[in-house]
Amino acid sequence: MDTPSIARSIARSIARSIARSLAIVCAAIVCAMNFGSPSSHAEDNRAGIAWLTGDTIRATFAGQPVGGLYPNGRLWTEAIGADSTTDYREGDKRWRGEWWVTDREFCFAYPPPGLGGCFRVTRVSANCFELYDFSSPAAKAEEPPHLADLWNGRMWLSTQPTTCEDRPNS
């Protein structure tokens, strides 16, 4: 076999390898799009999600027990008293404090060590709410973020099954 024939044979072999690799990569992308993780499905259509107003926050949560989840997977519970008191528990930690709402924020304050903060809230499904730290760029925007996993916490009313794995309302 002469040099040009060897070169063509090597080029064809390389082209077939590249084609196979591209086919595998494309198949992986299609699979990821169709069979992604539950959290990607839960957040793939965020159209129509809006910030809750202070009145809606108050009407939804005052006097209710809630459960929650931080992005790192830590679970927490909180009793949101109708009298503006709150009882927060996370593992063996417990803080009693106060809550209030403004026209668009859900705020919490706990006595020393001085924990708390204010959050913007969205309802992403029937019984799933996302919390965004009000000081974050995402919470300062006029609309909730359209990107997944920017929330600081998720919560649900404990009196009903959570729907946090459902697709958001649209």
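The values are calculated or read from the model by the stated rules, or taken from the named source; none is laboratory data. Here the structure is a predicted model, which is why all the values come from computation and not from measurement. All Cβ positions, even for glycine, are placed from backbone atoms using ideal geometry, and neighbour counts span all protein chains on display.
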* Could you list all residues from region 121-144 that are at pLDDT below 80 and surrounded by 21 or more Cβ atoms within 10 Å (Cβ to Cβ)? => ALA139
* Asked: Of everything in region 75-94 that's in a strand (DSSP E or B) and among the polar types (S, T, N, Q), which residue is surrounded by the fewest Cβ atoms within 10 Å (Cβ to Cβ)?
  -> THR85
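For every residue, the table says whether it meets (1) touching a strand residue (DSSP E or B) at 6+ places or on another chain (Cβ under 9 Å); (2) β-branched (Val, Ile, Thr); (3) farther than 22 Å from ASP55 by Cβ; (4) in the same structural domain as PRO65 (by TED's automatic domain parsing).
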| site | (1), (2), (3), (4) |
| --- | --- |
| ARG96 | yes, no, yes, yes |
| THR102 | yes, yes, no, yes |
| PHE108 | yes, no, no, yes |
| PRO112 | no, no, yes, yes |
| ASN127 | yes, no, no, yes |
| ASP133 | yes, no, no, yes |
| LYS140 | yes, no, no, yes |
| PRO145 | yes, no, yes, yes |
* Asked: Somewhere in region 145-157, is a residue in contact with a Ser or Thr (Cβ under 7 Å, 6 or more places away or on another chain), free of Cβ contacts under 8 Å to residues at least 24 places away in the same chain and buried (at least 19 other Cβ atoms within 10 Å of the Cβ)?
  -> no
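Let's see how each residue does on (1) part of a strand (DSSP E or B); (2) at pLDDT 95 or above; (3) loosely packed, with under 15 Cβ neighbours inside 10 Å:
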{"position": "ALA28", "(1), (2), (3)": "no, no, yes"}
{"position": "MET33", "(1), (2), (3)": "no, no, yes"}
{"position": "ASN45", "(1), (2), (3)": "no, no, yes"}
{"position": "ILE49", "(1), (2), (3)": "no, no, no"}
{"position": "GLY67", "(1), (2), (3)": "yes, yes, no"}
{"position": "GLY73", "(1), (2), (3)": "no, no, yes"}
{"position": "GLY97", "(1), (2), (3)": "yes, yes, no"}
{"position": "PRO112", "(1), (2), (3)": "no, no, yes"}
